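> Below is one structure. I have some questions about it.
The values are calculated or read from the model by the stated rules, or taken from the named source; none is laboratory data. The structure displayed is predicted, hence computed values, not measured ones. Every residue, glycine among them, receives a Cβ derived from its backbone with ideal geometry; neighbour counts consider all protein chains shown.
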Amino acid sequence: MTAYVYMLRCSDGSFYVGSTRDLAIRLHQHQIGLGAAYTTTRRPVELVWHEEYENVGLAYSREKQVQSWSRRKRLALVEGDYEGLPALARKDFSRRRPPTGGTGDRSRSAGPD
């Protein structure tokens, strides 16, 4: 059964990410205050992004992934900047140091002088 993951922009500028089987009904629920506790006090909401999946499990997995993203990364998704998404990852692997041989660098010799 088809399912969706979606992102709403709330009236305070924050984002809400959710998943559902019926996107139109879920959006209506959010608009009338029955969607989620988070959006109830942040209405009106605007649908700014969604994806369709073949089942609820896949949509839920994607929901959890997008929920863990930074605001900048979510904005890139909304703007369709798919090429820029990897650069916005929270971990910066470019700063990793090369391996040092297992025990680290030693400035002095290990034996007696």
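> On the given criteria, is Ala37 closer than 26 Å to Gly13 by Cβ, exposed (fewer than 14 other Cβ atoms within 10 Å of the Cβ), at pLDDT below 95 and not aromatic (Phe, Trp, Tyr)?
It is false that Ala37 is closer than 26 Å to Gly13 by Cβ, exposed (fewer than 14 other Cβ atoms within 10 Å of the Cβ), at pLDDT below 95 and not aromatic (Phe, Trp, Tyr).
> Filter the strands (runs of 3 or more DSSP E) completely within region 1-57 down to those with at least 3 residues that are hydrophobic (A, V, I, L, M, F, W, C) and farther than 15 Å from Leu75 by Cβ.
Those strands (runs of 3 or more DSSP E) do not exist here; none qualify.
> Please go through (1) within 27 Å of Met1 (Cβ to Cβ); (2) within 16 Å of the chain's Cα centre (by Cα); (3) modelled with pLDDT of 95 or more; (4) not basic (Lys, Arg) for Glu79 and return the number of the only condition it doesn't satisfy.
Failed condition: (1).
> Search region 64-91 for residues that are at positive phi and pair each with any residue that is of a type outside the set (A, V, I, L, M) when their beta-carbon atoms are under 8 Å apart and the residues are at least 6 apart or on different chains.
Every condition considered, no pair remains.
> A follow-up question, please. Hey, can you tell me all the residues within region 68-91 that are hydrophobic (A, V, I, L, M, F, W, C) and touching a helix residue (DSSP H, G or I) at 6+ places or on another chain (Cβ under 8 Å)?
Trp69, Ala76, Leu77, Leu85, Leu88, Ala89, listed by residue number.
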